[in-house]
1. Determine whether Glu130 is among the acidic types (Asp, Glu) and under 44 Å from the mean Cα position of the chain (by Cα).
2. Just a yes or no: is a residue in the range 20-37 β-branched (Val, Ile, Thr) and modelled with pLDDT of 90 or more?
3. I'd like the residue in the range 92-115 that is more than 11 Å from Leu157 (Cβ to Cβ) and part of a helix (DSSP H, G or I) and, out of all such residues, is modelled with the highest pLDDT.
4. Starting from residues that are touching a residue at least 24 places away in the same chain (Cβ under 8 Å) and charged (D, E, K, R), keep the ones in the range 17-36 and report whichever is nearest to Ser7 (Cα to Cα).
5. For Ile6, are the conditions met, namely being modelled with pLDDT of 90 or more and part of a helix (DSSP H, G or I)?
6. Taking the criterion of being modelled with pLDDT under 80, among the polar types (S, T, N, Q), assigned to a loop (DSSP other than H, G, I, E, B) and not assigned by TED's automatic domain parsing to the domain that holds Ile154, would at least one residue in the range 61-72 satisfy it?
7. Counting only residues that are within 16 Å of Lys160 (Cα to Cα) and either assigned to a loop (DSSP other than H, G, I, E, B) or out of contact with any Ser or Thr (no Cβ under 8 Å at 6 or more places or on another chain) (or both), how many does the range 117-149 have?
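The values are calculated or read from the model by the stated rules, or taken from the named source; none is laboratory data. Values in this document were obtained by computation on a predicted structure and should not be read as measured data. Reconstructed Cβ throughout: ideal geometry from the backbone, glycine too, with neighbour counts over all protein chains shown.
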Amino acid sequence: MIRPQISEELLSWSEDLGEQMVIEAMKRSLDRNKPSWGYVKSILHSWVNKGVNTLPQARNEEVEHKNQQSNKGVFSKQSHTQEVLPEWFKTRKQQQMDEEKPKKQPSLESTARTIELGIKLKRSLGSILEAINYMYDLSEEDLKAIREEERSAIEILQSKSKLKAVGDP
């Protein structure tokens, strides 16, 4: 059943554009899965606004409509994959690394423990220097003094760094 208002509008559109145009608009409404009179009217209004009066013109308009829809889909896909990023964003990782604070150097005490552990494990001078990142110019004589308990590792490190322990005069 068609409501009386829709029936009147249908007759009015048929008189203005012709029955074939109204039927074509209804077909398009169904093809686009929008089976409502409101959608059919929007198609008819669109044709009137574009000056489409005949079935061949309506079919040409449909081809243009499909081309526009396919171009929109291609454009939207490209815009997602080809996003434009500002230069600062691309280099922000490098900037973050540059702005990081330098790593805190280990204390003399922890370095001394590393040296003492290396001596206990009978490591070579090279491996001990590597373990403390070559921060101090230790010699074989220094390691021998620590090994034979002539001097402590902390004493040697302090002399190498020219630092004094807290409380020393």
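1. yes
2. We begin by selecting, within the range 20-37, every residue β-branched (Val, Ile, Thr); these are 22-23.
Add one more test, that the residue is modelled with pLDDT of 90 or more, and what stays is 22-23.
Yes, some residue in the range 20-37 is β-branched (Val, Ile, Thr) and modelled with pLDDT of 90 or more.
3. Initial filter on the range 92-115 (more than 11 Å from Leu157 (Cβ to Cβ)): 92-105.
Keeping just the survivors that are part of a helix (DSSP H, G or I) gives 92-99.
On the way: Arg92: 73, Lys93: 67, Gln94: 69, Gln95: 68, Gln96: 70, Met97: 69, Asp98: 65, Glu99: 64.
Once the filter is applied, the top-ranked residue is Arg92.
4. Among them, the one singled out is Glu24.
5. Details: modelled with pLDDT of 90 or more: no; part of a helix (DSSP H, G or I): yes.
It is false that Ile6 is modelled with pLDDT of 90 or more and part of a helix (DSSP H, G or I).
6. Scanning the range 61-72 turns up no residue that is modelled with pLDDT under 80, among the polar types (S, T, N, Q), assigned to a loop (DSSP other than H, G, I, E, B) and not assigned by TED's automatic domain parsing to the domain that holds Ile154.
7. 15
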